[in-house]
Structures are given as C-alpha cells and as structure tokens.
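Inspection log for the structure reproduced underneath, given as structure tokens.
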Amino acid sequence: MKIRKAKKSDKAQILSFCQHTFRWGDYIDRVWDKWLAEKNLLAIEQNGKAIGICNAGISQNQVWIEGIRINPDFRRKGYASKLVITAEKLAKRKKLGISRMIIADNNKRSLSMAKKLGYHIEDKWWLYNLSPRRQETTAKVATNPQGLDGLIQSSTFSESWNWFSLDKKILQKLVRQGRVIAYYKNKKPQAMGIWNKTSKLDNDVMQLGYLGGTMPGIRQILYFMQNKGFEEKKDRVQLLVQDRIKPKMPGLDKRMLFCLVKKEL
C-alpha cells in the first residue's frame, strides 16, 4: 500500500466505485479534472491499483479535506485515516494552521474517525432547498460593509461545499465581490447572507452559504434568493445555514444536518 498524487489513469478505477455513494449518486466525476489539475488530489494504491482518494483543497490559511472515497472491498482497514493524515502533512509543509472537513451528522463512522484524528465539531449546518419564484423583497446586494460585521454569528461560511474562515476583513472582501446580501431597517443592517451565485458542483443551482440576523430580515434575504434563482432560471436554491439559525417560510425544504469539524495543525 502506498499513498501518492493521483494520476489521470486513476480516473476510471476510482469512478468505478463512486457511482452510488449517496442516494442521488456522487459528484466525483464532475470535480475530478479540476482536482487533478490543482495537484493536491491524493490516491491510495495497492498492487498497482488505485483503491481510494482524498482531495486536499489548499487556501490561504487552511486545508479543506474532501472527497474521501475508498473502494468497498478495502474499507475498515484505516486507509481513509491514512489519506487524511497525508493531507495534513501536505498542509503542514505549506505552513497552514487549520484543517477542516464536513461530515453528515448521521455518518457516525466518519465522525468517529475524525475524532480519533484530533478533530472537534466546530459547528453544525443544515442543508435546505428552496424553489425559485418571483418575489418582492427589500433585501439587496450590499455595497458598504459598515455595520455588517455585527451580523457575523459564525466563524465560517460555505462556498460550494467548502467552508472558509469568516471575519471582518474577509467580509469586506466579499462585499467588494458583490457576494453579500443585506436587509436594512432605518439604514441599519438587520440581516445578512453570503451567496455564491452558482454552485461549482451544479450549474443549475444557486447557493447561499451563510445566513444571520433578525427573522424578518432573514425572510427578505430568502425572498431575494428565490427571486434571483427565478431570474437566472435555476432549478433550485440551495441554502447552507448554521444550526442555530431557524429560518421559517413556506416552501422551505429542510434536508440534512452536517457537522463541520476542525483541527489545529
């Protein structure tokens, strides 16, 4: 057994057991070429055959570990843990201080593995779906970050199923990029959302990766997302929302709970 960088020739072997990972299938086929080009896709090999993968997404201050897949014939041998440890070593060589992963709350085996490797649950996030439709809303894209940092209620936000640190400086950058939606009352921000406009995994999905503030303001931001999804002819609006936020409105489909786990390297 050895762990190495993935090769183009591994693709068919890996995809052969990544067809039915979830009830709806899997996304590895859609991201393989991108991950391979970034050169941080790890493969575990046995007897010359690729039997597992793990991608190490490198950003400014963290490694995002994702896409852990092991051939069913080779599971429960500790190979997933070995891939994670190798990804952490890669991050340490790049002097990154944080490792994060997202794991479904009902995936007890993976959560147990993460705990044994030194990870702790940083936060919990719900996945919601919302149908695009024409809506009237007073929420708008923020052009000034003033006062918005008071609405930071989580240390992270999601971008296409990757979670990144969120602070005042990062929020200012997101405002400049036109990615912050805000609801104001008497010229003061009451609620805030961070949208991704589209998902890197699904072109037909518009995604919101953070939500916080007052309930009336949150509702206006959800109307904004519905309206934008309708205008851009998206199939659905996907919301990733912190567990402590309890959005309520007609048509909001609460789907699945996830654990964001973190480790200091």
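The values are calculated or read from the model by the stated rules, or taken from the named source; none is laboratory data. The model shown is predicted, which means the values in this text are computed figures rather than measured ones. Virtual Cβ from ideal backbone geometry, glycine too; neighbours counted across all protein chains shown. Areas reflect the complete protein model, heavy atoms only, side chains present, ligands, DNA and RNA absent. Shrake-Rupley method; radii C 1.70, N 1.55, O 1.52, S 1.80 Å.
Could you order the peptides 16-24, 215-223 from most to least packed, using the average number of other C-beta atoms within 10 Å per residue?
Details: 16-24: 10.8, 215-223: 21.3.
Top of the packing list down: 215-223, 16-24.
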Per 10 angstrom bin, beginning at 0 and ending with the bin that holds the maximum distance, the Cα pairs of the chain fall in percents of 7, 28, 33, 21, 9, 1, 0
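So with the 1.4 Å probe, I'd like the accessible area per residue for region 144-257, rounded to whole Å². Don't skip to the end; give the middle numbers.
Details: 5370 Å² over 114 residues.
About 47 Å² of surface per residue is accessible.
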In the chain, whole DSSP H helices that both stretch 18 Å or further along their axis by alpha carbon positions and average at least -0.5 on the Kyte-Doolittle scale are 79-93, 215-231
Each label sits 7 Å from Cα toward the beta-carbon; between SER131 and ASP253 the label points are separated, in nm, by 0.9 nm
Residue span TYR184 to ASN144: 0.36 nm per residue of separation minus Cα-Cα distance leaves a gain in nm of 13.2 nm
Compactness summary of region 148-230: radius of gyration and Dmax from Cα atoms, Å, are 12.3, 38
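Carbon and sulfur atoms: what percent of the 1.4 Å accessible area of region 164-213 do they account for? Walk me through the intermediate numbers first.
Details: 1100 of 2350 Å².
That fraction is 47 percent.
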Given backbone amide H placed at 1.01 Å from N, residues whose amide H is under 5 Å from that of LEU265, ignoring those fewer than 5 places away on the same chain, are ILE98, SER99
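For region 1-74, report the translational diffusion coefficient in µm²/s to the nearest whole number, using Stokes-Einstein at 25 °C, 0.890 mPa s, and a Kirkwood Rh over Cα pairs. Let's see the in-between values first.
Values: Rh = 12.6 Å.
Result for D is 195 µm²/s.
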Scalar couplings 3J(HN,Hα) for region 205-211 by Karplus 6.51 cos²θ - 1.76 cosθ + 1.60 (θ = phi - 60°), nearest whole Hz, x for Gly and Pro, are 10, 9, 10, 10, x, 6, 8
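For ILE121 and ASN107 in one chain, what is 0.36 nm times their gap in residues minus the Cα-Cα distance, to one decimal in nm?
On the way: separation 14, 0.36 × 14 = 5.04 nm, distance 1.33 nm.
Length difference between fully extended and current span is 3.7 nm.
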Per residue, the convex hull enclosing the Cα atoms of region 112-265 spans a volume in Å³ of 115 Å³
